[in-house]
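As structure tokens, the structure follows; a few thoughts come after it.
The values are calculated or read from the model by the stated rules, or taken from the named source; none is laboratory data. Note that the coordinates shown come from a computational prediction; the quantities given were computed from them, not determined experimentally. Cβ coordinates were reconstructed from backbone atoms using ideal geometry, including for glycine residues, and neighbour counts include every protein chain displayed.
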Amino acid sequence: MRQFKIVVEKHPDGYVAYPLGLKGVVVGQGDSYEEALSDVKSAIRFHIRTFGKEVLAAH
């Protein structure tokens, strides 16, 4: 599987994570860093499976 850089931000009410280099909006969230990271990885897989390889940004 392709690798993505993932940004994880800490907010007062938890963590938000999103990948760089993917077309469309893909966000994960959780109460901990690990939960947000796991959630965004699942969202990335779902996004690619749903919309196909076209969502992969060309480099």
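Taking the criterion of being more than 16 Å from Phe51 (Cβ to Cβ) and at pLDDT 95 or above, the residues of the stretch 19-39 that qualify are Gly28, Gln29, Gly30, Asp31, Ser32, Tyr33, Glu34, Glu35, Ala36, Leu37, Ser38, Asp39. If you take the residues in the stretch 2-59 that are touching a residue at least 40 places away in the same chain (Cβ under 8 Å) and assigned to a loop (DSSP other than H, G, I, E, B), which one is surrounded by the most Cβ atoms within 10 Å (Cβ to Cβ)? Result: Phe4.
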